[in-house]
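This report concerns only the one structure given below.
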Amino acid sequence: FDKMRGNVEISFHYISQLIKSFGGSSIYLFVIYALIGVSTKFFVIKKMSAFPFLSLVIYLGYLFPLQDLTQIRAGAAAGILMLAIYFFLEGRKIYSYLLIALAITFHYSSFIVIPLLFLNKKKFNTVFFLLLILVSHVAAPLLKRIIELSIDFLPAVIRWKILAYDSENNLELNIFNGWQLLRITIALFFIFNVGKL
């Protein structure tokens, strides 16, 4: 536990301390994170998907190996965020806000969901989402420079994470790789067919 706990999110500290107090090993930590990630996603798929079987196939073939199998903190946070979005769409906003706060304790990147709460859920703005895809891909090459300029102003734990990721993954940014192009194609399909879907 002590080797794994350096500069990680709050939930990691508390869950690992709880397991340690009961004499458990680190395997229980992985099991708890996996249960949170998988069960929340299954629940939301059951509640929200018009095509649950197709949703399960996509989840098991894409998201499960990407998150719940390899990035368990991000997987647990994503499941909690999906639950937050479900409650938000149901009009139970307090639950939604509490779940977003909980997701942030699992993975700091969960902050990115907060702007979604301000979108109009009754009207889909096609132009906004097309611009979002375009702007994000134009801005992506500038992101590293923006981070370099602002890193001294970030909280220490986030600064440490960025520096750690940068040192481990010091690769050339390729935002037009096969996977990303597939994601863009799927996003465009959904954007242009949202009325039918």
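The values are calculated or read from the model by the stated rules, or taken from the named source; none is laboratory data. Keep in mind that this is a model prediction, so the values were computed, not measured. Virtual Cβ from ideal backbone geometry, glycine too; neighbours counted across all protein chains shown. Ligands, DNA and RNA are excluded from the accessible area calculation, which covers all protein heavy atoms including side chains. Shrake-Rupley method; radii C 1.70, N 1.55, O 1.52, S 1.80 Å.
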At a Förster radius of 45 Å, what calculated FRET efficiency corresponds to the Cβ-Cβ distance of ILE151 and VAL57, to the nearest 0.05? 0.65
Order the following by accessible area, largest value first: TRP160, TRP179. Probe radius 1.4 Å; ligands, DNA and RNA are ignored. TRP179, TRP160
Determine the per residue accessible area of the chain with all protein chains present and a 1.4 angstrom probe, expressed in square angstrom. 69
Determine the relative contact order of the chain: mean sequence separation of Cα pairs under 8 Å and six or more apart, normalised by residue count, in whole percent. 18
Quote to one decimal, in nm, the extra length available between LEU130 and LYS47 on full extension: 0.36 nm per residue of separation minus the C-alpha distance between them. 27.1 nm
Could you quote the convex hull projected area for the chain, Cα atoms only and averaged over all directions, in nm²? 13.0
Could you pull out the longest piece of the chain with no exposed loop GluC sites (Glu not before Pro) in it, calling a site exposed if DSSP puts it outside H, G, I, E, B and it has at most 14 other Cβ atoms within 10 Å? 1-89
Taking 35 Å as R0, compute the FRET efficiency from the Cβ-Cβ separation of LYS122 and GLN71 and round it to 0.05. 0.55
I'd like the chymotrypsin sites (Phe, Trp or Tyr not before Pro) in region 121-157 restricted to DSSP loop residues with at most 16 other Cβ atoms within 10 Å, sorted by number. PHE124
Trypsin sites (Lys or Arg not before Pro), loop per DSSP, at most 14 other Cβ atoms within 10 Å - longest free stretch of the chain: 6-91
